[in-house]
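Below is one structure, written out as structure tokens; comments come after it.
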Amino acid sequence: MEHSSFKTAGLFGKYADSSMADTLARLARHLLGRKIKVVIESSTAELITKAGFDLDQYSTEALDVIGQHIDVGIVIGGDGTFLNIARNLAADQVPLIGVNLGRVGFLADISVDDMIPEINRILDGDHETERRSLLHAEVMRSGKIIHAAKAFNDVIINKGELARLIEFETFIDGEFVNSMRADGIIVATPTGSTAYALSAGGPILHPALEAIELVPICPHTLSDRPIVVNNQCVVEIVMTSLSNQHAYLTLDGQAMFSLQDHDHIFVRRNPELITLLRPSGRNHYSVLRAKLHWGEKL
């Protein structure tokens, strides 16, 4: 991606957090100074207007159409904000830059203090380009697809509000793998391997791997272990209990759908990829060292 291709930047702020207004305003003014048109996502624009930001020099667009009008997206928030924007812009193939206002920041990994110089480097062409995979999940009930959605980190099937295990069977490309009683199961992308899947005991996958990770959540049988399969596979989870179990499908920890007994959940690689832009010299291992504090003395 060359500098000349960045003519219009979309700005996205952390949902319902007006504290990012000053940071976004500083970045917006800087981009205008670089002769880059700035389009602010409409809910972000509404939030920062309440904080006193003047929108006279900027355009606004709704989230569902803004991807058609920008060359690059800059997300100011945490990884949760980044996940939401990435899913919504996937079809438009807009490259994304993340500025971290959250706690960890695997995806939104540019600090606020370094925001202007780091984004300048990216806009000047001094950057790394990473392509990350998404998942596509479908719920089939009584032979019909009743729900479909994308996930950047993970598709999770987990128990409801009761402290009881749920029961399900797992198939890979139609081949039976196992039956399980557990709190649930995580189906994760390599990007999602450092999220909930890591907390549940799954391995860290390099983001360039063409893989899908399946991680049981507190399985009743301790021999049920995480497995990794090629991302060309179709993962199928079948809810098998006859006891009216309460279970939910969640995507990236943000969107939830209630499941019923005998539902079939299909998870496969989404055809569109997410493009991340990062300053040159920053790689997966440097991010892991910084975010997981590897090598620090306790």
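A short reminder: the numbers here are calculations on the coordinates, not readings from a lab. As the structure is a prediction and not an experimental result, all values here were calculated from the model. Quick reminder, even Gly has a Cβ in these numbers, built from the backbone with ideal geometry, and neighbours come from all protein chains shown.
Can you tell me how the stretch 3-125 classifies by the Cα gyration tensor, rounded, prolate or oblate, using a/c under 1.5 as the rounded cut?
Verdict is rounded for the stretch 3-125.
If each residue's Cβ is checked for other Cβ atoms within 10 Å, how do 292, 198 rank with the fewest at the top?
292, 198
As a test, work out the antiparallel percent of DSSP beta bridges whose residues both lie in the chain, rounded to the nearest 5.
Here the antiparallel bridges make up roughly 75 percent for the chain.
For the pair residue 243/residue 26, report the inter-label distance in nm, with labels modelled 7 Å from Cα in the Cβ direction.
A separation of 5.5 nm, rounded to one decimal place.
Run the dipole for the stretch 97-198 about the Cα centre, Lys and Arg Cβ at +1, Asp and Glu Cβ at -1, nothing else charged, and hand back the magnitude in debye, nearest 20.
Dipole of the stretch 97-198, to the nearest 20 debye: 580 debye.
To the nearest 20 Debye, how big is the dipole of the stretch 3-125 about its Cα centre, given +1 on the beta carbon of each Lys and Arg and -1 on that of each Asp and Glu?
180 debye
Could you compute the net charge surrounding residue 24? Neighbours are other residues with a C-beta less than 14 Å from the C-beta of residue 24; K and R count +1, D and E count -1.
Summing Lys/Arg as +1 and Asp/Glu as -1 gives -1.
Can you list the GluC sites (Glu not before Pro) in the stretch 221-298 that are in a DSSP coil and have 16 or fewer other beta carbons within 10 angstrom?
The qualifying sites are 296.
At 0.36 nm per residue, minus the direct Cα-Cα distance, what do residue 161 and residue 210 gain on full extension? Give it in nm, one decimal, please.
14.2 nm
Which value at 222 nm does the chain reach when only helices count, each DSSP H run of 4 or more adding -39,500 (n - 2.57), with the total divided by all residues and rounded to the nearest 500 deg cm²/dmol?
Calculated at 222 nm, the ellipticity per residue is -5500 deg cm²/dmol.
Give, as a single signed number, the net charge of other residues whose beta carbon lies under 13 Å from the beta carbon of residue 121, with Lys and Arg counted +1 and Asp and Glu -1.
-2
Could you tell me which GluC sites (Glu not before Pro) in the stretch 149-181 are loop residues by DSSP with no more than 16 other beta carbons within 10 angstrom of their beta carbon?
161
Which net charge results when you count Lys and Arg as +1 and Asp and Glu as -1 among the other residues whose beta-carbon is under 15 Å from that of residue 226?
Local net charge: -3.
Quick one: dipole size for the chain, taken about the Cα centre, charges +1 on Lys/Arg Cβ and -1 on Asp/Glu Cβ, in debye to the nearest 20.
Value, rounded to 20: 360 debye.
Between residue 8 and residue 286, what FRET efficiency follows from the Cβ-Cβ distance if R0 is 35 Å, with the result rounded to 0.05?
0.70
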